[in-house]
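A quick write-up on the structure given underneath.
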Amino acid sequence: MNKRPAKNRPKSIHYQIVETLGREIVTGVFPVGSQIPTESILAESLGVGRLALREAMKVLASMGMVVILPKTGTHVLPRESWNLFDPNVLQWHVQYAFDEEFTKDLVELRNMIEPVAAGIAATQATPEQIEKIQQAYVDMVQAETHADYLEADLRFHGAVLSSCKNRFIRQLQAPISEVLKVSFKASSTPGRDADREHALILHQALLIAIENHDPSAAKSAVERLIERASERMQHMRS
C-alpha cells in the first residue's frame, strides 16, 4: 500500500487512525466483506505503531464496522451491523457518503419518531417542559451566530422529545439528537435570513401546538419541518 499524504492531525493520533479507517470503510476503499490489510502493512501505511492501530480497530469493532477474528484477520461487516447512531459513523456518512439512500433513510427515521413524539408531547408536556421548549425557541430567534442557532434548534427538538412520558422514546433522545444534529447541519446554510425566518415560523407552529395541547397540529408542524429539511438536503446534494 502507498503511504497516505500527511494531513493536519486531529486531537490525537488514536482519533486520526479511527477517523482515517472509518472514512475508508464508509467510502468503500475497504468494501463490505473485505479483509483489511494485516497489522504490519496497515501500520506502515499509516505511519503509526501497532498498539495504537490495535486500539483503533477495537473502537471500529465497537461501532459494528469490523470484526476481529484471531486466525483470519479483520473483516468489514455489512452496513446493517454498523452503529449509525454513533456520532462518528453518522459524521463519516455525511462527509464522505452522503447519497440519496442515506438521505432517504434519515428522513424516514425522523418521520417514524418525531411526529409521534410531538403528538405525545402536546398531550403530556408539563408547564416546566413547555417552558424549556419556549426558551429554546427564544434562543433560536435571538441567536447571533449559525452555531448558536443550531445549538438552540437541537435543544428545541430535544426538549420536545424529553417531554414524552414514553420511556422508550425518552431513551431514544440521545441517539436521535445525533441524527438531528447531522440533519440540521446538512440542511442548514449559514447567513441566509430568509431560510432561517421560514424555519422559525415552522418551529413556532410546533411550539404553539404544544402550548395549546393540540397533538394533531403538533404532528403536522413536525412533518412540515422534516419535509423542509428533506428538500434542502436534496437541494444541497444536487
Inset, instruction - Check region 140-148 and report whether any residue there is closer than 23 Å to Asn83 by Cα, modelled with pLDDT under 95 and among the aliphatic types (A, V, I, L, M). - result: no
Legend entry - Evaluation of Lys104 against (1) part of a helix (DSSP H, G or I); (2) surrounded by 15 or more Cβ atoms within 10 Å (Cβ to Cβ); (3) at pLDDT below 90; (4) out of contact with any His (no Cβ under 6 Å at 6 or more places or on another chain) (one fails), failing number: (2)
Legend entry - Meets criteria (of a type in the set (A, V, I, L, M, F, W, C) and in the same structural domain as Leu202 (by TED's automatic domain parsing)) for Leu90: no
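Scanning region 68-101 for residues that are assigned to a strand (DSSP E or B) and within 17 Å of Val29 (Cβ to Cβ), which turns out nearest to the chain's Cα centre (by Cα)?
First pass over region 68-101, keeping only residues assigned to a strand (DSSP E or B): 68-69, 73-76.
Those still in the list that are within 17 Å of Val29 (Cβ to Cβ) too: 73-76.
On the way: Gly73: 30, Thr74: 26, His75: 25, Val76: 22 Å.
Ranking the qualifying residues of region 68-101, first place goes to Val76.
Check whether at least one residue in region 30-44 is under 22 Å from the mean Cα position of the chain (by Cα) and within 26 Å of Phe102 (Cα to Cα), and report yes or no. Let's see the steps before the verdict.
Within region 30-44, the first condition is being under 22 Å from the mean Cα position of the chain (by Cα), and the residues that meet it are 32.
If we keep only those that are within 26 Å of Phe102 (Cα to Cα) too, we end up with 32.
Checking region 30-44: at least one residue is under 22 Å from the mean Cα position of the chain (by Cα) and within 26 Å of Phe102 (Cα to Cα).
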Legend entry - Residues (at pLDDT 85 or above, among the acidic types (Asp, Glu) and assigned to a helix (DSSP H, G or I)) located in region 188-238: Glu197, Glu211, Glu223, Glu227
Legend entry - region 89-104, residues that are within 26 Å of Ala56 (Cβ to Cβ) and touching a helix residue (DSSP H, G or I) at 6+ places or on another chain (Cβ under 6 Å): Leu90, Trp92, His93, Val94, Tyr96, Ala97, Phe102
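The values are calculated or read from the model by the stated rules, or taken from the named source; none is laboratory data. Everything numeric here is computed off the predicted structure, so don't read it as measured data. Cβ sites come from the backbone with ideal geometry, for glycine too, and all protein chains shown count toward neighbours.
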